[in-house]
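Written below as structure tokens is the structure these notes are about.
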Amino acid sequence: MSLLEARDIETCYGASQVLFGMSFDVKAGEVVTLLGRNGMGKSTLVKSVTGLLAPRRGTVRLAGVDLAGRPPHHVARAGIGLVPEGRRVFPNLSVRENLVATAANRHAQPQPWTLERIYGLFPRLRERERNLACNLSGGEQQMLAIGRALMTNPRLLILDEATEGLAPLIRREIWNCLAQLKAAGHAMVVIDKNIGPLLRLADRHFIVAKGRTMWSGTSAQLRAEPALLHTYVGL
């Protein structure tokens, strides 16, 4: 049984339809990617799943609970943690305040995420604990955005553009973090343009083009069909 099931999602911006019956799913403990060129519908699909946009049609279920069309705070409480494109940390709050602002353990996780666990994952955040988020580097803000999402103790973590615009050393640190989360059994959906790390990290991939799911399969299957990446991702 899948942890997340999104089926036949159709979403519009006003009169302009962007998603045309898109579907994907994530099993417990699985890492899934959404691949495709810019403007193909990946972020719109994320917004449709997390309540930032209401689908015109389709179903979104997390652990069997119907979430389609519910507002973002209901989706978050149900157990989806979002690391949005552009990070969107609270700029006038400190690192510590960002982390505790939405902290909760609504689903009684036996080993919940705490400040100490986040600081263990990202020691740099401990060093910057009293700094305002607006004074952090882009990489530090991304660490903070991931830590903030983890502090909600989500059942599923979604990262939209996980390493966009980050320096190579910081990207490596983020990928190492995601590998640790996978090893600990965290279910994740990851959007990113760095295909190499995604192939090493993810269990399955969904290729998105023009608001439709064009292909899905494992990393081994995707490696065996390089023409797919050339056609749909641009490599």
Among residues of region 99-111 being out of contact with any Gly (no Cβ under 8 Å at 6 or more places or on another chain) and in contact (Cβ under 8 Å) with a residue 24 or more places away in the chain, the residue surrounded by the most Cβ atoms within 10 Å (Cβ to Cβ) is A103
Checking G29, G86, G64 in turn, the sole residue that is touching a Lys or Arg at 6+ places or on another chain (Cβ under 9 Å) and not polar (S, T, N, Q) turns out to be G29
(1) more than 23 Å from T50 (Cα to Cα); (2) without any contact (Cβ under 8 Å) to a residue 40 or more places away in the chain all hold for F122 apart from (2)
Considering region 85-98, residues that are polar (S, T, N, Q) and surrounded by 15 or more Cβ atoms within 10 Å (Cβ to Cβ), and then whichever is farthest from K193 (Cα to Cα), we arrive at S94
Exactly one of L157, L181, L166, L144 is of a type outside the set (V, I, T), closer than 20 Å to A103 by Cβ and not in a helix (DSSP H, G or I), and that one is L157
From the option list R130, R200, single residue qualifying as surrounded by fewer than 21 Cβ atoms within 10 Å (Cβ to Cβ) and assigned to a loop (DSSP other than H, G, I, E, B) is R130
Residue count, region 3-57, condition in contact (Cβ under 8 Å) with a residue 40 or more places away in the chain, surrounded by 16 or more Cβ atoms within 10 Å (Cβ to Cβ) and on the phi > 0 side of the Ramachandran plot, comes to 2
The residue that is surrounded by the fewest Cβ atoms within 10 Å (Cβ to Cβ), considering only those in region 112-127 that are in contact with a Gly (Cβ under 9 Å, 6 or more places away or on another chain) and not in a helix (DSSP H, G or I), is W113
Given (1) out of contact with any helix residue (DSSP H, G or I) (no Cβ under 6 Å at 6 or more places or on another chain); (2) modelled with pLDDT under 95, A187 misses just (2)
Within region 76-96, the count of residues that are in a helix (DSSP H, G or I) and modelled with pLDDT of 95 or more comes to 2
Kindly indicate whether V32 is part of a helix (DSSP H, G or I) and of a type in the set (A, V, I, L, M, F, W, C). no
Q. Do we find that T44 is part of a strand (DSSP E or B), of a type in the set (S, T, N, Q) and within 22 Å of P84 (Cβ to Cβ) in this structure?
A. no
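The values are calculated or read from the model by the stated rules, or taken from the named source; none is laboratory data. No experiment lies behind these values; they were computed from the predicted model shown. Virtual Cβ from ideal backbone geometry, glycine too; neighbours counted across all protein chains shown.
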